[in-house]
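Remarks on the structure that follows.
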Amino acid sequence: KMTQQMRDLQLAQARKPLGPSSPNAAKRLYRNLSGKFRVNYTSFDEGSLVGRGEKEKLRKSYLFQSNAALFEAVELQDLDRVQEMLKHYSPEELDLNTPNSEGLLPLDIAIMTNNAPIARALLQAGAKESPHFVSLESRSLHLSTLVREAEQRVNELMAQVVNEAPSADCSEKEKQLKAWEWRFRLYKRMKAGFEHARAPDAPSSVHLSVASSSSLQVTFWEPLSVNSAVVTKYKVEWSCSPTFSPLLGEAVIEKLKDLHFTIQGLQSGTEYHVRVSAYNMKGWGPPQASVPPFAIPSNWREYDGRAPRRRGQAEALDHLLGQVKTVHQHCICHEPCKNQPQSRKHSVSKSLKHLFHPGSKFLKTLKRGLYLTAIFYKDDNILVTHEDQIPVVEIDDTYSCLLMQDFLWLTKVSCMWDEILWLRQCVTVSQSSCSCVLQTRFKMLLAISQMQGLLGIQDLGQVFFEPIKDKQGNILIVTLKEVKTHQTFESVRWVPICKLQTSRKSVSSPEEPTALDTLLISLQDKLAYHQRSSHALSAGLYLGYLKLCSAVDQIRVLVPEQLPNILCHVKIRSNPNISREEWEWLQKMATVEEPVPTEPEADRSQNPLFQELQVAIKELMTLVNIPLQEAKDFRLYSQEVLDFGDQVSFLLLLPPSDDVCTAPGQNNPYTPRSGFLTLPLQIFELGEER
C-alpha cells in the first residue's frame, strides 16, 4: 500500500520521496520493514531459491528495505532503532552516504532537525553530509525548494479533495494529502533548524603531547555550547610560528569516533604550535590553541643516544641457533637417522610393535611418577581420548630429582615445539653416561614426542606455571592451548567441559584427590589463566610495581590475576612516549635523590608528567595495599623506560632496596589484596615474551 502510493507520487513529481502517506502509515511501514530486514536471508531453504541470481536479487531487496527503514527511523527520531541498524549493518549495506533523489542523507535530516544523539550515532558510524551542499547559499536554496514544492503539492491535493465527490479515488487522494502534509512539516522543520543554527564555538579543550621523535598527538573535546548545530568535522592546523603564518599543514577529521589526531613527519627538536577548529552546517568556528601552546617532537632515548635494548636480539638468537644446529648436523646422534632407510623392513616392524606397546597409548590412571598432559580447548569444549580421558602420557615412573629446575627447563622448550626431534637427537649424544638431570630431560623430550605423535599436533601450547602434585606421589605437568578452528582428530574428540567434569568418576577421596582429579576441579581456573595471559594492554604509558619473593629453588614475582603476563600496574596516560624533556626531569629528580612525588608542590604544578605520576602512584599504592606514606621511600627506576613494542611503555616503581625481594621466612608487612598471584620469574619472562 505504502509502496504504491510512493510510485504514484514518483510519476506525478518525477521524484522518489521517502516519506509516508501519514504519520500512522509511516509507523506501519517502518514497523514492517524493521521486522523484515532483521531476517537473515541466508537462512532461507536453499532449495527454494532458483540460483545465485535469485539470491542476489533477494539480498538487494533486503538492503533496499534496510536503507529505507534507516531514513524512516531518522525522520521519526527513533534513536534506539537507528543504533540497532548501525550495529547490524555496515555503512555500505545501508548506503549510508548515498544521497536520495532529494539530495539528502540521513545525517542531513538529523542535523537539520537538530537531533544531536542520532547525528552523533551516524557520525560515529562514518556518515557524511550530502555533497550537494557546497555552500550555505546552496543549502538554503535547496531547502527552500523542497518546502515550496511540498507546499505546492499539498495545495494541489487539497483542492482536488475539496472539489471531488466522495469516492475510492478521493480516499486515495486524502492519503496522499496526509503524506505530503507530513513531509511539508518535516521540510519546514529542517529549514527552520538551518536558519536558526550558528557556527560552532571553539573546541572546549585541545591537549598536545609528544608521540615520538617525529610526531605529535592532538586530543580535543567537543565545544561546550549546546545551542549551535551538531559538529560534523574538525580541522587540525600546525605551524612553527605562534601566529600560524606560514601554515605548515592541516588535516580535516571526519571520523569522529575518537577525537584525536597524530601529526606525522615532523622534525625532531623543532617547536610546533597546534590549533583545532570545529565545523557544522553553518561553517567553521574559531580555532582553539593547544595546551601546552607548543611541543617539540622527541624521545627519551635522545637524552644519551641510547639504542633500543632489543634491537637485533631476535635476529642474533636465530643466527646463534642456526650455528648450533650446524655444529650438530654431523654429530654421532644423527647417524642412526641416516642408516634407517637401509633397514626399512626392520623399522616398519619396530614401528608396528611400537603402536601396540603400552607406553605409546594415553594413560587412564596415574601411578607414582611424573606425567605430561595436554589441554586443548575451544569455547566450552575440550579434547579428550575416546575413553573420555584427558590426554596423559608418562614421563618417568622413577622420578627422584629436584623438579623445579627441570620444570623451568621444559617451559623454555615449549618455545620450540617444532624442534623436539632435533633436541632429542642432541641429548642422545651422551645418554649412556649422562647425569640424572640429563636423563630426566631426555625422558621429557620423549614424552613430548609421544604426545605430539598420538595427537597429531606439534604445538602443545603454553606450560601452566606450576605442576599439580598429589599425596600419592604423582606430579602432573600441564600444557594449555586454545584452538581457534573446530578441527577433527583421529585419536581424540571434542566434548563439553561440563560433561567431562560431571561424568568422570573420582577414584580418590575429597581429602586426598589425585592429580587428575585436582586438574578437573581446577580446569576452569587454568583455562581462565591461559586466556588472560595472552591479553595485551591498550596503548599507553604505565606505572609498574616490581615486587619479588625468593624461595630455596626459585624467585617469584607478584602479578595481577587478570593479566598474569604483566607486572602489577596502573595506567598513567594513553600516550606511551616519554619525551626528552620529561626524561631529563626524571633524571634530575633521581640525581638529587628526591622521594617519589606523592604530594603536590607549587613549582611543579605546571609539569603534566609530575601530576600524572602523583595520581598513578596513589592509585597503585591502593591497588597493592601499601600505605601512601610508605611510598616516600620508594624509587622510580631511572635507568630506562621499558618499551613493549611501539604502543606500550612502563616506568617502574621500586620498593626500598632491602624490600625489593622478600627472603624466605621474612614477613611482608603489606600483603596485597585478593586478585594477585606470584609466578616463577622464568615463567613470567616467557609470558611477557609471548
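The values are calculated or read from the model by the stated rules, or taken from the named source; none is laboratory data. Predicted model only: the values in this text are computed from it and were never measured. Cβ atoms come from the backbone with ideal geometry, glycine included; neighbour counts cover every protein chain shown. Surface areas here come from the heavy atoms of the whole protein model, side chains and all, with no ligands, DNA or RNA. Shrake-Rupley method; radii C 1.70, N 1.55, O 1.52, S 1.80 Å.
Beyond 18 Å in Cα-Cα separation lie the following of the pairs LYS547/LYS632; LYS412/LYS547; LYS367/LYS471; LYS367/LYS412; LYS128/LYS282; LYS235/LYS255: LYS412/LYS547; LYS367/LYS412. Here's the list of aspartates and glutamates a cross-link from LYS364 could span, going by alpha-carbon distance under 13 Å and ignoring same-chain residues fewer than 8 apart: GLU387, ASP388, GLU394, ASP517. Take every Cα pair under 8 Å whose residues are at least 6 apart in sequence, average their separation, divide by the length of region 207-298, and the relative contact order is 39 percent.
What is region 56-196 by shape, rounded, prolate or oblate, if you read a ≥ b ≥ c off the alpha carbon gyration tensor as root eigenvalues and call it rounded for a/c under 1.5, prolate for a/b larger than b/c, and oblate otherwise? Cα axes put region 56-196 in the oblate bin. Along the axis of the charge dipole computed for region 207-298 (Cβ charges of +1 for Lys and Arg, -1 for Asp and Glu, origin at the Cα centre), the listed residues SER298, VAL252, VAL218 are led at the positive end by VAL252. If you model region 207-298 as an ellipsoid using its alpha carbon gyration tensor, with each semi-axis the square root of five times an eigenvalue, the axes come out at 24, 13, 11 Å, biggest first.
Ranked by solvent-accessible area (1.4 Å probe, protein heavy atoms only, all chains present), the residues ARG189, ARG556, ARG311 order from largest to smallest as ARG311, ARG189, ARG556. Karplus-derived 3J(HN,Hα) values for region 99-105, using 6.51 cos²θ - 1.76 cosθ + 1.60 with θ = phi - 60°, are x, 7, 5, 8, x, 10, 10 Hz; glycine and proline are entered as x. Within region 56-196, what whole-number % of the accessible surface is contributed by carbon and sulfur, with the 1.4 Å probe and all protein chains included in the calculation? That share works out to 51 percent.
Please work out how much length the chain gains when fully extended from VAL552 to ARG310, using 0.36 nm per residue of separation minus the C-alpha to C-alpha distance, in nm with one decimal. That works out to 84.0 nm of additional length. Annotation: Cα Rg of region 464-578 relative to the compact-globule expectation 2.2 N^0.38 Å equals 1.41. Highest average first, the peptides 455-461, 493-499, 157-163 ordered by how many other beta carbon atoms sit within 10 Å of their residues are 455-461, 493-499, 157-163.
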